[in-house]
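The values are calculated or read from the model by the stated rules, or taken from the named source; none is laboratory data. Here the structure is a predicted model, which means the values were calculated and not measured. Using ideal geometry, Cβ is built from the backbone for each residue, glycine included, and neighbour counts are taken over all protein chains shown. Remember, those area values only see protein heavy atoms, side chains included, never the ligands or the DNA or RNA. Shrake-Rupley method; radii C 1.70, N 1.55, O 1.52, S 1.80 Å.
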Amino acid sequence: MARVNVDTPAAGKNAIAAEKNRRLFRENHVFVMNMIGSPGCGKTSILEYTAENSNVRCAAIVGDVKTALDADRILDRNMPAYPIETGGGCHLTAVQIGSMLTRIDLCKTDCLFIENVGNLVCPSVFDLGEDIKTGVLSVPEGDEKVRKYPELFSRTDVVFINKTDLLPHCEYDMEKIERDCRTARPGVKIFKVSATKGLGFEDWARYLEMNRKEQQNGK
Amino acid sequence: MHELSLAESMINTALRTDGVGADNLRVLNIKCGALSGVNAQTLEFCIQIVAERLGIENVSVVIEEVRPQLQCSCGQSYNAEDIFSECPRCGKTQHRITGGKDVFLESVEVNDGQS
Ligand SMILES: Nc1nc2c(ncn2[C@@H]2O[C@H](COP(=O)(O)OP(=O)(O)OP(=O)(O)O)[C@@H](O)[C@H]2O)c(=O)[nH]1
Ligand SMILES: [Mg+2]
Ligand SMILES: [Zn+2]
């Protein structure tokens, strides 16, 4: 037997499609956030709030196992939104995103949100070509989520902690979860918000605006 | 299940390597990071399926699971069971993750007619 060194990272079909998406995003100067969180943590609610309160030109791709309900909620607030029904799939793939991109006016978009299927496991390892992964947590889910899902939170440059209005009703150690987020991903930006009450979005607004400027300088 | 597409990618990589073919490929040596989100057993299963489909017989898959590699702000570099563990030198948890997220095909072994 002879041994031959190969030393090549495994890049399946998804990784190849993701690179293609990424090139397209860069060429069009679009900042892309892949939003990942449990079912019901408030991903769509955060996008609804953003649609109503931000002047940044945003668009959303919304993945759900079934229905276009969430995309419709965002559309109702005048943000272009494109549903992907995965039909059982527990995460979005770069190929699905790629085939949606022909329908989106990327030249007129500064920031594209991709709302992934509610799930903390599979979406974290499927690159869609995004600039950053964004974790979405919510207070009633408990404060151990970052420890339980290190694959995701070691990759998130932004984390929302949503439903802060429920803090008085839950046992939730905010300091601990923030510390865990930073241990898993040093430099992570944390936004503590209540999407339905519209609280705590000041830093998020500044963050979006900063990224809009960066993208527009390139256009 | 992305393990299947990773399995295809690894077998393709192996077969594109000089001196490696469907007739002589015997072992794939793989490193699988604990933070890769790839399940080693599923990956092995998928490689066997892909190999069978391509008519590659008797291939074995050796998967070494790689723990997270951490680089502490104090300078210490270490492998840890999980990323929330404290630095063995300074006791802090201020580190960058420098390894353990990837899956790669490290090497292959081929039958060269000698034993
Ligand atoms: N109290 C409270 N409820 C919230 C908040 N944000 C969202 N919700 C509620 O949580 C529920 C789920 O919110 P969604 O925005 O649909 O959550 P999602 O993450 O998009 O859910 P999926 O797409 O199904 O995974 C809804 O009933 C929201 O009204 C919040 O800040 N506070
Ligand atoms: Mg939703
Ligand atoms: Zn240290």
| request: Please find the FRET efficiency linking B:Gln41 to A:Lys219, where r is the Cβ-Cβ separation and R0 is fixed at 45 Å, and quote it to the nearest 0.05. | output: 0.45
| task | Compute the relative contact order of segment B:37-95 as a whole-number percentage, counting only Cα pairs closer than 8 Å that sit 6 or more residues apart in sequence. | result | 23
| request: Would you please name the GluC sites (Glu not before Pro) within segment A:130-219 that are DSSP coil residues with at most 14 other C-beta atoms within 10 Å of their C-beta? | output: A:Glu144, A:Glu171
| task | Quote the charge dipole size of the protein assembly as shown about the Cα centre in Debye, to the nearest 20; the model charges only the Cβ of Lys and Arg (+1) and of Asp and Glu (-1). | result | 880
| request: Out of all DSSP beta bridges with both ends in segment B:3-110, state the antiparallel percent to the nearest 5. | output: 65
| message | Helix-only mean residue ellipticity at 222 nm, chain A, DSSP H runs n ≥ 4 weighted -39,500 (n - 2.57), per residue, nearest 500. What is it? | response | -10000 deg cm²/dmol
| field | Lone cysteines, chain B (no partner Cβ under 4.7 Å) | value | B:Cys32, B:Cys46
| said: Using alpha carbons only, how many angstrom separate the centre of segment A:104-150 from the centre of segment A:34-94? | reply: 11
| request: Please state, as a whole number in µm²/s, the translational diffusion coefficient that the Stokes-Einstein equation yields for the protein assembly as shown at 4 °C and 1.567 mPa s, with Rh defined as the Kirkwood radius across alpha carbon pairs. | output: 60
| remark: Expressed as a whole number, the average count of other chain Cβ atoms within 10 Å around the Cβ atoms of B:93-103 is 3
| remark: The rounded separation in angstrom of the Cα centers of segment A:151-219 and segment B:84-105 is 23
| field | Relative contact order of chain A, pairs being alpha-carbon contacts under 8 Å that are 6 or more residues apart, as % | value | 25
| field | Antiparallel %, DSSP beta bridges [both residues in the protein assembly as shown], to 5 | value | 35
| Taking N as the number of residues in segment A:1-53, what is its alpha-carbon radius of gyration divided by 2.2 N^0.38 Å? | 1.89
| Among the residues of segment A:123-154, which ones have their accessible area go down by 20 Å² or more when all the protein chains sit together, as opposed to their chain alone (1.4 Å probe)? | A:Val125, A:Phe126, A:Arg147, A:Pro150, A:Glu151, A:Ser154
| query | Helix B:2-16 versus the longest principal axis of chain B: what angle, 0 to 90°, nearest 10, using Cα atoms? | reply | 60
| task | Working from Cα positions, state the angle (0 to 90°, nearest 10) between the long axis of helix B:40-53 and the longest principal axis of chain B. | result | 20
| query | Does anything in segment A:149-166 have its amide N under 12 Å from the 7 Å Cα→Cβ label point of A:Ser38, and if so which residues? | reply | A:149, A:162
| request: Could you work out how far apart the two model spin labels at A:Arg3 and A:Thr67 are, taking each label as a point 7 Å from the Cα in the direction of the beta carbon, and quote it in nm? | output: 5.6
| remark: Neighbours of B:Ser77 by Cβ distance under 15 Å: Lys/Arg at +1, Asp/Glu at -1, summed charge +3
